[in-house]
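Input: a single structure, listed below in structure tokens.
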Amino acid sequence: MSSEDMKKRILSGIQPSGSFTLGNYIGAIRNWAALQDQFDCLYMVADLHALTVRQVPAQLRAHTCEAVSMLLAAGIDPKQSILFVQSHVPAHTQLNWILCCNCQFGELSRMTQFKDKSLSHPDNVNGGLFTYPALMAADILVYNADLVPVGQDQTQHLELARTVANRFNNLYSPTFHLPEGYITKEGAKIMSLADPSKKMSKSDPNVNSFVLMNDDKDTIIRKFKRAVTDSEGTVRYDVENKAGISNLMSIYHVFTGKDMSEIENEFSGRGYADFKAAVGEVVSDALAPIQGEYTKYMNDKAYLNEVLKDGAEKASRIADRMVSKVYKKVGLYQM
Ligand code: TYM
């Protein structure tokens, strides 16, 4: 067997929710690009997951193209990795049903994302929102992925994927690998700039609470300038007592590679204004080339379609085999 065949497999996904946030970039996308050499990677735009909240159809289509363009711009190389849209690979929904039948009501009820989204969309607590983690488990297990690079907010879903995989293996016979999370220490949870006790999220009504990967330099600098900190005036890493400054330090660390004590030394005796300006600069410098590439891809629909067609074919080839195997194991009659 060649070393190529022995590479571990990675699967991850992101919802097409308009422009991605800096949290999405730091927690997930930048790692996706970095892992491509070492692993056999599949990356997908999770458009079916997006349907669990109400969507304007034309916007969902547009956001899907934007998401694919942004992933390409951020360095996902379709020659190296399989890049596809979830709804283009029917095997995900096929396995989803089998896993739904192997997930308990109690398990799904305990998911914090379900509880949070039920509260934020009380008029639309639909079945898809409830069974969302079973579809996410199907996304991962249909490729027998070994590793799943995600931010911290996805760990509970990942744990459920392992539970269901294990249950299935015990009930039928060994079928699924138990997937592990790949969660980096720094940046697994980027916090809101307006309220550092909350995760940075695009659904926050306060636009100053998040930085978008598409924000221009002035906007990025302005948002960091307004970031909520504390009254101590010292750049010091202390997540408990200085959540705002610690969050900015994590972001600065990601883009400069400097560790926390180096950052503390660099800004010792200087005020928060200097530090916030420096964070804004490194972030906008890092995003500028990605934004340039993004525009290029957005203007080349033919290329996007070519990538997605190829991605869906390659992904389906792997996923269809798993669905056949699972259908057989659970006793569905095959001709
Ligand atoms: P989604 O679209 O909400 O987020 C995509 C990725 O970004 C990470 N992330 C963050 N990381 C750090 N700090 C933040 N503030 C932050 N906000 C978001 C998320 O952890 C995620 O890794 N259910 C998934 C999509 C999905 C998926 C999958 C992921 C569907 N199927 C299979 C992995 C494997 C979701 O809604 O991510």
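Every number in this text was worked out from the coordinates using simple rules, so none of it is lab data. Just so it is clear, the model here is predicted, and its values are computed rather than measured. All Cβ positions, even for glycine, are placed from backbone atoms using ideal geometry, and neighbour counts span all protein chains on display.
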Mind listing the long-range amide H neighbours of Cys41? Cut-off is under 5 Å, sequence gap 5 or more, other chains count too, H placed in the peptide plane at 1.01 Å from N.
Ile10, Ile82
Express the relative contact order of the stretch 1-130 as a whole percentage, based on alpha carbon pairs under 8 Å and six or more residues apart in sequence.
28
Starting with the fewest neighbours, write out Trp32, Trp97 ranked by other beta-carbon atoms found within 10 Å of each beta-carbon.
Trp97, Trp32
Gyration tensor verdict on the stretch 273-335 (Cα atoms; rounded if a/c is under 1.5, prolate if a/b is larger than b/c, oblate otherwise)
oblate
Taking placed amide H atoms and a strict 5 Å upper bound, the residues 5 or more places from Lys199 or on another chain that come that close are Ser192
Past 20 Å, Cα to Cα: identify those pairs from Lys79/Lys301; Lys8/Lys328; Lys198/Lys225, in the order given.
Lys8/Lys328
In what order do Thr295, Thr93 fall by count of nearby beta-carbon atoms within 10 Å, going from fewest to most?
Thr295, Thr93
When ranked by the protection proxy of mean other Cβ atoms within 10 Å per residue, highest first, what sequence do the peptides 257-263, 23-29 form?
23-29, 257-263
Work through the residues other than Val89 whose Cβ is under 14 Å from its Cβ and net out their charges, Lys, Arg +1 and Asp, Glu -1.
-1
Among Asp215, Asp238, what is the fewest-to-most ranking by other Cβ atoms within 10 Å?
Asp238, Asp215
